[in-house]
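**Q** Below is the structure I would like to discuss, written out as structure tokens.
The values are calculated or read from the model by the stated rules, or taken from the named source; none is laboratory data. As the structure is a computational prediction, the values presented were derived from the model and not from experiment. Counting neighbours? That spans all protein chains shown, and the Cβs are built from the backbone with ideal geometry, glycine included. To get the accessible areas, we keep the full protein, side chains included, count just its heavy atoms, and leave off ligands, DNA and RNA. Shrake-Rupley method; radii C 1.70, N 1.55, O 1.52, S 1.80 Å.
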Amino acid sequence: MVTRVWLRGVGGALVWAGVLAGVLAGCDVPPAPRAVSEATADASAKASGKPGAGVSGAGEEECPEGGVRVLEGSGNAAMGLRVADIQLVNCGAQPYVLEGYPDLRVLDEQRRPVEVAVGHGSNGISTGSGLDTAPEQVTLQPGQAASVGLLWRNLVTDSAVPAAEGWVLDIGPRPGAPRQTLVLTHSIDLGNTGKLGVGPWVAVRR
């Protein structure tokens, strides 16, 4: 039975409190129910083995398979010459070693392959881009990042050939690693030059 008790609070205000009492002999008062979010969190944590796994909004976005996350970096466009970069962040718990170049596949908005010759370094597109430096081994500790530069020209040399444009990158960070898909906010507008230069992995200095 619920007994309503009126208590006089600070400043003379009346405060209502609901008190649940067992009035029958030997009747136990049941414990207050646990909050749904707490119970859900405990159940999810037991299932996954990770504390807090079921709490919505707890922690950051889950780290992808392989322990790294790829991100779109900055870009620059000057008189049809395009320069951009892709960053890779070690979001795992172990050091991550990179060496050489990523394996890139350029896709259109429908995730269909774009016809483009992806080459290491500047790929004959332009000089002085900085993409032709020799690759070195890069070891990323958890939280550290590396990047690769991209170079292409937005140029139409043949009006009979449709201009190509990539909006998605399928990326293999290193041989044998899980591939990742990166949807771009700025397209790789190749015109019909059909060439893309990719630099080596370099550490991001912070």
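**Q** Tally the residues that are among the aliphatic types (A, V, I, L, M) and closer than 18 Å to E65 by Cα, restricting the search to the stretch 141-179.
**A** Residues in the stretch 141-179 being among the aliphatic types (A, V, I, L, M) and closer than 18 Å to E65 by Cα: 5 in total.
**Q** Does V202 qualify as being at pLDDT 95 or above, in contact with a Gly (Cβ under 6 Å, 6 or more places away or on another chain) and either under 13 Å from A84 (Cβ atoms) or surrounded by 15 or more Cβ atoms within 10 Å (Cβ to Cβ) (or both)?
**A** no
**Q** How many residues are polar (S, T, N, Q) and more than 21 Å from R206 (Cα to Cα) when one looks only at the stretch 105-160?
**A** Residues flagged as polar (S, T, N, Q) and more than 21 Å from R206 (Cα to Cα) within the stretch 105-160 amount to 9.
**Q** Any residue that is open to solvent by 60 Å² or more (accessible area, probe 1.4 Å), on the phi > 0 side of the Ramachandran plot and either free of Cβ contacts under 8 Å to residues at least 24 places away in the same chain or outside any strand (DSSP E or B) (or both) - is there at least one of those in the stretch 153-161?
**A** no
**Q** Another one. Considering L81, L150, which residue is at pLDDT below 95 and more than 18 Å from the chain's Cα centre (by Cα)?
**A** L81
**Q** Return a yes/no flag: does the stretch 181-192 have any residue that is under 16 Å from G80 (Cβ atoms) and either of a type in the set (K, R) or in contact with a Pro (Cβ under 6 Å, 6 or more places away or on another chain) (or both).
**A** No, the conditions are met nowhere in the stretch 181-192.
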